[in-house]
Amino acid sequence: ISATASDNVGVIGVRFQLDGIALKSEDLSAPYSTSLNTSKISNGPHTLTAVARDAAGNSMSSSVSITVRNR
């Protein structure tokens with residue numbers, strides 16, 4: 001999973017979440033990325049979110065819906 005983020009103050013980190021729960025600690029350097037092992041996730045719909053944080057303490061997020069189908 002990867003995300004790009006920028007703003008006028010400077011992004012200092014991106015946190016990836018699955019259904020509102022952090023996957024790992026915040027990634028503090030671009031390119032922002034993490035891995036996702038779907039075998040540890042229940043089948044069905046989920047929400048994957050990237051939350052970017054800047055040096056001024058502001059945050060912005062973007063989400064996508066995913067469907068897991070493990071066999």
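Taken together, the values in this text are just the output of simple stated rules run on the coordinates, not laboratory data. A quick note: this is a predicted structure, and the numbers were derived from the prediction, not measured. All Cβ positions, glycine included, derive from the backbone under ideal geometry; neighbour counts span all protein chains shown.
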Fill in the blank from the handout: Sorted by chain and number, the residues with a modelled amide H under 5 Å from that of Ile12, at a separation of 5 or more or across chains, are Arg53, Asp54, Ala55
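Compute the signed sum of charges (Lys and Arg +1, Asp and Glu -1) over the other residues within less than 13 Å, Cβ to Cβ, of Ser42.
On the way: positive: Lys40, Arg69; negative: Asp19.
Spelling it out: positives minus negatives among the neighbours equals +1.
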Exercise for the section: Output the relative contact order of the chain, whole-number percent, from Cα pairs under 8 angstrom with separation of 6+ residues. Expected result: 34 percent
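In debye, nearest 20, what is the charge dipole magnitude of the chain about its Cα centre with +1 on Lys and Arg Cβ and -1 on Asp and Glu Cβ, if you could check? Don't skip to the answer; put the middle values down first.
Working: 6 positive and 5 negative charges, 81 e Å.
I would put it at about 380 debye.
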Practice task
Starting from the Cα of Ala22, step 7 Å along the direction of its Cβ; do the same at Val9; then give the gap between the two resulting points in nm.
Solution key: 1.9 nm
